[in-house]
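Please read the structure below before turning to the comments.
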Amino acid sequence: MHKAQAILTTKGGMTSHAALVARGWGKCCIVGCSDIEIHADTKTFHAKNGEIIKEGDWLSLNGTKGLVYEGTLALTEIDLDKNQSYNYLMKLVDKIKQIGVRTNAETPEDAAHAKKFGAEGIG
């Protein structure tokens, strides 16, 4: 799991081990994908639509929507500093929140990323 760029499983849910570990590492994870059947002996999985994906084939995952795409997709890095809707929402939250927001970070990179998203501390 640690070497994977993303994780796709046929079993599990939002609180499964794979989902929790992936979330902690900041990796995309889709769990409980019943539309595929994994064949460990041939290192393939078969999709309901008949597609066969082999070890080494490229996939792109959308963890928010639970979608799997064959091949690679162009990605866009979002600059939250320039996102007016996000900044407006965070200003509203700052006005009414009653507790500070802290994050769990395993690496300095994780801590920097969390601070960029507004975390007020690590712990």
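Observations on the structure shown:
- Matching option when the condition is hydrophobic (A, V, I, L, M, F, W, C) and at pLDDT below 90, among Phe45, Phe117: Phe117
- Failed condition for Val93, given (1) closer than 21 Å to Gly12 by Cβ; (2) among the β-branched types (Val, Ile, Thr); (3) at pLDDT below 95: (1)
- Residues satisfying the stated conditions in the stretch 89-106, i.e. assigned to a loop (DSSP other than H, G, I, E, B) and over 28 Å from Trp25 (Cβ atoms): Gln98
The values are calculated or read from the model by the stated rules, or taken from the named source; none is laboratory data. Predicted model only: the values in this text are computed from it and were never measured. Methodologically, a virtual Cβ is constructed for each residue, glycine included, from the backbone with ideal geometry; neighbour enumeration extends over all protein chains shown.
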